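Quick notes on the structure that follows.
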Amino acid sequence: MGKLIYVTNVSLDGYIKDGNGAFDWLPVDDEVFAFTTDLLRSVGTFLYGRRLYEAMAVWETDTALAAQSDLMADFASTWQAASKVVYSATLPAVSTAGTRLERRFDPAAVHELKATTGRDLTVGGADLAAQAFRAGLVDECRLLILPVVVGGGKPGLPTGMRADLELLDERRFRNGVVHLSYRPRTSGHRHAAVVMDAARRPGG
């Protein structure tokens, strides 16, 4: 059975985009870049929302990226090797190989995918990850916390719910980035499911 892992970069105050929708404050660092590639080597399937998929698809569609360095070639190869599922009601078609387009996020289908695969999955994009958290599907949360405070924007973690987490691992990098790995406690999974169920009820 594969694990569903949420991997994301966040500012110190918890945002993946600032108030202007920008994320160009992310530090470029070979050590962190190589670490991120290693995180993704075990992944068999990426689950994406439309915007993140379109941003990441260049690792297959733009061959000039991989030609820039061995590190970038390694990341491109790792990304291309995994299958992708893109959730979008508006995307006309996908532009990468091994990619399936779904019009809505179906928690039961993702649970089945986890149960029948021998490799891990990642969920990318805060909105899609929030749906996975609320369905109790996320097995690990891996945050690369950047040494910057942006003061507002798009949160990297879901709002309006509680999930109790257990720290699994941490690592500090020379440029000030910190990687923290958590897994939701069983009680947190149950709480998330209760929140989601209550939201579906009339008046909830």
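The values are calculated or read from the model by the stated rules, or taken from the named source; none is laboratory data. Quick caveat, the model's predicted, so the values are computed rather than measured. Every residue, glycine as well, gets a Cβ built from its backbone with ideal geometry; the counts of neighbours run over all protein chains shown. Surface areas here come from the heavy atoms of the whole protein model, side chains and all, with no ligands, DNA or RNA. Shrake-Rupley method; radii C 1.70, N 1.55, O 1.52, S 1.80 Å.
Overall, the chain carries a charge dipole of about 860 debye about its Cα centre when +1 sits on the Cβ of Lys and Arg and -1 on the Cβ of Asp and Glu, all other atoms neutral. In the chain, helical runs assigned H by DSSP with n ≥ 4 each contribute -39500 (n - 2.57); averaged across all residues and rounded to the nearest 500, the mean residue ellipticity at 222 nm is -10000 deg cm²/dmol. Here the relative contact order of segment 1-113, from alpha carbon pairs under 8 Å that lie six or more residues apart, stands at 21 percent. Close amide H pairs (under 5 Å, H built 1.01 Å from N) link Val85 with Phe46, Leu47, Tyr48, Arg100, residues at least 5 positions away or on another chain.
Using the Cα gyration tensor of segment 34-89, with a ≥ b ≥ c the square roots of its eigenvalues, what is the shape: rounded (a/c below 1.5), prolate (a/b larger than b/c) or oblate (neither)? Judged from the Cα gyration tensor, segment 34-89 comes out oblate (a/c at least 1.5, b/c at or above a/b). With the alpha-carbon atoms of the chain aligned to their principal axes, the span from lowest to highest coordinate is 53, 36, 34 Å, starting with the largest. Computed from backbone phi with θ = phi - 60° and the Karplus coefficients 6.51, -1.76 and 1.60, the 3J(HN,Hα) list for segment 135-146 is 8, x, 9, 7, 9, 9, 10, 10, 10, 9, 8, 9 Hz; x is used for glycine and proline. For the chain, carbon and sulfur atoms together expose 51% of the accessible surface, with a 1.4 angstrom probe and every protein chain in place. Ordered by 1.4 Å accessible area with all protein chains kept, Val149, Val43 run largest first as Val149, Val43. Relative to the compact-globule estimate of 2.2 N^0.38 Å, the Cα radius of gyration of segment 70-119 comes out at 1.37.
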